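The values are calculated or read from the model by the stated rules, or taken from the named source; none is laboratory data. Owing to the predicted nature of the structure, the values given are computational and were not obtained by experimental measurement. Keep in mind that these areas ignore ligands, DNA and RNA; they rest on the heavy atoms of the full protein, side chains included. Shrake-Rupley method; radii C 1.70, N 1.55, O 1.52, S 1.80 Å.
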Amino acid sequence: MSDAERRTLREIEHRLSADAPDLAGVLASGRPRRVTCAHVLAAVFAALGVLLMVLSALGPALASFGCASLALLMRGYSWR
């Protein structure tokens, strides 16, 4: 990036932190502070997986657990 672009970016960041400090904090941390659609999807797929395991449908249950973990991984969580 050129120096002019860096200055412009710093000015935008400064204005954002002055106008919306909550939003600037969330953007700086990289993660929103509330429950998102990914959490809801993961919970639904996990519950569906448990139900399918109770019904002895192992293949679809594992696929459902896979979708739940994929929703969390796409959200930005890691297994570590």
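Of the set (1) at pLDDT below 75; (2) more than 30 Å from L70 (Cα to Cα), all apply to E11 but (1).
Within the group S78, S56, which residue is open to solvent by 60 Å² or more (accessible area, probe 1.4 Å), at pLDDT below 80 and polar (S, T, N, Q)? Just a single option satisfies the conditions, and that option is S78.
Name every residue in region 14-24 that is acidic (D, E) and modelled with pLDDT under 80, in order of residue number. D22, the sole residue that qualifies.
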